[in-house]
Amino acid sequence: MTSRERWTVYPLLFLAIGLALRANVLPPEQVGDLDVTRLTCRELVVVDDRGNPSVRAGRDSADGGGRIELFDSGRRLAVVIGSGAVAEDASIRFFDSQEREADRLAPAGALLPPPGPSPRRR
């Protein structure tokens, strides 16, 4: 390779490497508004100004169904909506302040007790 070719190839090589690493090294720019027709992702997390999650939507790794988690202002899990592997497994689960499951709403509208020992109610 001649000196003239090196002066052409190497700057282009370093430019390509720099552009490829830019997305991984530099923080992403803040986007004010985003308007798309369709968004495809594995997980969607909505965070507050401090980066704490408020809503997390994604796939349940245990059974492969969809799952939406809602967090309270104290960053504790409050509600989980899950589809389950089959439609009969779908439920809405409510959690107490210690993130223990307090109640569960089944597809037929029946309020089911949480799994495990039943919590004491006053």
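Just so you know, all these numbers are worked out from the coordinates, no wet-lab data involved. The structure presented is a predicted model; accordingly, all values stated were derived computationally and were not measured. Heads up, the Cβs are rebuilt from the backbone with ideal geometry, glycines too, and the neighbour counts pull from every protein chain shown.
In region 43-110, taking the dipole from charged Cβ atoms about the Cα centre, the farthest positive-side position among Ser54, Ile81, Ile92 is held by Ser54.
Full extension of the chain between Met1 and Val86 yields a length gain of 24.3 nm, computed as 0.36 nm times the residue separation minus the alpha carbon distance. Summary of packing: across the peptides 54-65, 3-14, the per-residue average of other C-beta atoms within 10 Å ranks them, highest first, as 54-65, 3-14.
Sorting Asp33, Asp89 from the fewest to the most surrounding beta carbons within 10 angstrom yields Asp33, Asp89. For region 43-110, the equivalent ellipsoid built from the Cα gyration tensor has semi-axes of 22, 15, 8 Å, listed from largest to smallest. Taking amide hydrogens as placed 1.01 Å from N in the peptide plane, the amide H of Gly66 sits under 5 Å from those of Asp60, Ser83, Gly84, each at least 5 positions away in sequence or on another chain.
Contact order for region 43-110, expressed relative to its length and based on alpha carbon pairs under 8 Å spaced 6+ residues apart, stands at 19 percent. Highest mean packing comes first when the peptides 36-45, 70-79 are listed by Cβ atoms within 10 Å, giving 70-79, 36-45.
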